[in-house]
Amino acid sequence: MKIDIKSEDGAAVAVLSGEIDHHNAKEIRRQLDKYIVTVQPKKLAIDFRNISFMDSSGIGLIIGRYKLIHECGGSLEVRNPQSYIRRVMKLSGIEKLVRITGDKC
């Protein structure tokens, strides 16, 4: 799992690569939480274009980051999930909390 966080058009963009499962979700959470608390971006986009697999740990990851960034006065967006990942997100109700965008939908 790789995370690359950069600034893009006034927002922070975290590009994730690899798989999100119970084995690596804790490290992803740690890195994203550290960034959110330290930088306090007004908007954070998590880019899923390079995620090849996601289990329920990914849902927890998104919900937890939504809560934290919301407490810090920011917003969260999910970008470019693969179509099957987007379906899982829709079924979980995440789209009621965060905006899901991208052409791989």
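The values are calculated or read from the model by the stated rules, or taken from the named source; none is laboratory data. Bear in mind the structure is a predicted one, so any value in this text is a computation, not a measurement. Note: ideal-geometry Cβ built from the backbone for every residue, glycine included; neighbour counts use all protein chains shown.
Just so you know, in region 63-105 the residues that are closer than 20 Å to A25 by Cβ and polar (S, T, N, Q) include one that is nearest to the chain's Cα centre (by Cα), and it is N80. Inside region 37-54, residues that are among the hydrophobic types (A, V, I, L, M, F, W, C), farther than 17 Å from I85 by Cβ and either modelled with pLDDT of 95 or more or buried (at least 21 other Cβ atoms within 10 Å of the Cβ) (or both) make up a count of 1.
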